[in-house]
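S.K.: Starting off with a structure, shown below.
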Amino acid sequence: MGTKYIFITGGVVSSLGKGIISASIGLLLQARGYRITIQKFDPYINIDPGTLNPYEHGECYVTEDGFETDLDLGHYERFTGIRTTRDNSVTTGRIYKTVIDRERRGDYLGKTIQVVPHITDEIKRRMLRTDVTGETPDFVITEVGGTIGDIESAPFMEAIRQLRWQLGRDAVCVHLTYVPYLKAAEELKTKPTQHSVKELQGMGIQPDIIVLRTERHLDDAMRMKVASFCNVDLECVVQSEDLPSIYEVPVNMQRQGLDAAILRKIGIPVGETPAMKPWQDFLEKQRHARREVHVALVGKYDLQDAYKSIRESLNLAGIYEGAKVKVHFVSSQALTRDNVAGKLSGMAGIVICPGFGQRGIPGKILAAEYARTQDIPCFGICLGMQMMVIEFARHVLGYADADSSEMRPDSPHNVIDLMEEQKSITQMGGTMRLGAYACTIRPGSHTSAAYGGQEEVRERHRHRYEFNNAYREEFEAKGMLCAGTNPDAALVEIVEIPTLRWYIGTQFHPEYSSTVLHPHPLFVSFIQACVEYGDVEA
Ligand code: GLN
């Protein structure tokens, strides 16, 4: 069987969960034994979201090969277990850059460069690539960011229109829309969906399958209405109702035959419905998680999407420990010496979040101090780990002016310092220490126990600053251990205080590699410590 292509577009409004639907389709096809890959095309002009503020774009997710990408790639990895690369995430900026670089090289000498065909050809080339995860997949799932009708998504739609024509039955278009419920009229409305499909048709694309996001159950008459107004078979109109967990979405889609509809459209025998045993086992655990564990997330962005992978990693780890993790966002900017106990004392655990820049730094240091002195399980991630180090230097080593050279370049005790290879860097985009690096784990440490005795692990990074090795001996002598180091560069990747319950900071981001079926061992171990320390029967 040659490679088949599934295109996913969205209409009516954004934030409908196109990424979750794309990831669910991937998972359902995997369960039928197919090899899949999923890629995201984002219509904005930035080369990657690495320089975007989380308020603009939510979390920046990092691939193993060190590319800063959209957070939907996190859903793809968590749902399907695939490992994405820089080729799975493409923006308008990258498309234009490739075309403009070619133009400067002289590849098009004599020709006028235009959106059609030059930009659309480059989009098509990338949409058709089949080697994105190393081996040829049976299905390439392509999600296009944004909403139908956006000016900047037009070239992507034109590329899909052309590909549909070129690929015939080897391509399927899935369109995700929203059916609002009008409370005053007590009615669900399909009109926005009809308009959205008309807009798509106006661009020459007839959707094969429509997924309706809805807060209330749609009866068959509603689905029939959508089918007949939009020229789609009734069995190809699927509803995605609000569910208690995003991880219920794939089985709900399977129940309604979304994967079967895709296969039928392409002309592949549907066969038996797979049991999805491992996934169902996970859902059973989730449904029966009885305990509640309260974890503080100390960060500066009070926004669900800003720490998406951390929240999901905590939830997933909790489920494996039979616990619902209740995450309490604590604004680092609002933390003071007077209110820190009030905000953190009831917590079973504290996570100190990654980040950049000065805002909220004193609060993160206070949280690290509170967790250390009260012996509350505490997990510092990237900037969070750096704050643990600074706090320890200030209050245990006695360097009251200890700092990171990110916050105070002239600090006399820069226990966190700019990495050597970063000193000559002037460009901001894509130049941090990015992607997976090896880390040797110190035998006998808490970290080693958390990793189940693994001697070497690979974890993903995104930072410019690092632990200053000049202070290493002093830290170790006073009780903060370097529990993980990079074998090639001797960079300190993990610190811990072994005399405390659970006090570990990682320079890397373990949250990027937690998946539904394989939660990250550090998160599992952290949640175990939280449950032991402060669980409450629900
Ligand atoms: N700002 C810090 C650095 O660049 C930490 C980055 C992060 O938390 N991802 O080193």
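S.K.: Between D65 and N231, what is 0.36 nm times their sequence separation minus the Cα-Cα distance? Round to one decimal in nm.
M.R.: 55.5 nm
S.K.: Right, something else. DSSP loop (so not H, G, I, E, B), at most 14 other Cβ within 10 Å: list which GluC sites (Glu not before Pro) in region 173-205 pass both filters.
M.R.: Hits after loop and neighbour filter: E186.
S.K.: Which links in K40/K124; K18/K308; K18/K97; K285/K326; K300/K343 stretch past 18 Å when you go from one Cα to the other?
M.R.: K18/K97
S.K.: Which net charge results when you count Lys and Arg as +1 and Asp and Glu as -1 among the other residues whose beta-carbon is under 10 Å from that of I38?
M.R.: -2
S.K.: Provide, for q = 0.07 Å⁻¹, the log10 of I(q)/I(0) from a solvent-free Debye sum over equal Cα point scatterers in the chain.
M.R.: Here the Debye-derived log intensity ratios amount to -0.43.
S.K.: Moving to a separate point now. Do any trypsin sites (Lys or Arg not before Pro) in region 200-284 lie in a DSSP loop with no more than 15 other beta carbon atoms within 10 Å, and if so, which?
M.R.: R216
S.K.: Out of the trypsin sites (Lys or Arg not before Pro) in region 291-356, which ones are loop residues according to DSSP with at most 15 other C-beta atoms within 10 Å?
M.R.: Answer by residue number: R337.
S.K.: Can you put S405, S525 in order of Cβ neighbours within 10 angstrom, beginning with the fewest?
M.R.: Least crowded to most crowded, the residues run S405, S525.
S.K.: Kindly put D70, D65, D401, D259 in sequence by how many other C-beta atoms sit within 10 Å of each C-beta, fewest to most.
M.R.: D401, D65, D259, D70
S.K.: Another one. What dipole magnitude, in Debye to the nearest 20, does region 3-122 give about its Cα centre under +1 on Lys/Arg Cβ and -1 on Asp/Glu Cβ?
M.R.: Dipole of region 3-122, to the nearest 20 debye: 440 debye.
S.K.: As a test of the formula, what do you get for the chain when each DSSP H run with n ≥ 4 contributes -39,500 (n - 2.57) and the sum is divided by the residue count, at 222 nm and rounded to the nearest 500 deg cm²/dmol?
M.R.: -10000 deg cm²/dmol
S.K.: Something else now. May I ask you to derive the relative contact order of region 177-242, considering only C-alpha pairs under 8 Å and at least 6 residues apart, and to give it as an integer percent?
M.R.: Computed value for region 177-242: 34 percent relative contact order.
S.K.: Kindly provide log₁₀ I(q)/I(0) values, in the same order as q = 0.20, 0.23, 0.24 Å⁻¹, from the Debye equation applied to equal alpha-carbon scatterers of region 347-411.
M.R.: -0.73, -0.95, -1.02
S.K.: Follow-up question, since we're still on this one. Net charge within 13 Å of T447 by Cβ-Cβ distance, Lys/Arg positive one each and Asp/Glu negative one each, not counting T447 itself?
M.R.: -4
S.K.: Of all DSSP beta bridges in the chain, what percent run antiparallel (nearest 5)?
M.R.: Just about 30 percent of them are antiparallel.
S.K.: Over the alpha-carbon set of region 27-68, work out the extent along each principal axis and list the three values in angstrom, largest first.
M.R.: 39, 21, 17
S.K.: If you count the DSSP beta bridges with both ends in region 103-240, what percent of them are antiparallel, to the nearest 5?
M.R.: 15
S.K.: Mind checking which aspartates and glutamates have their C-alpha under 20 Å from K423, skipping anything on the same chain fewer than 8 residues away?
M.R.: List returned: D403, E406, D410, E466, D488, E493.
Values in this text are rule-based calculations from the coordinates and carry no lab data. Nothing here was measured: the structure is a model prediction, and the numbers come from that model. Positions of Cβ are backbone-derived with ideal geometry, glycine not excepted, and every protein chain shown enters the neighbour counts.
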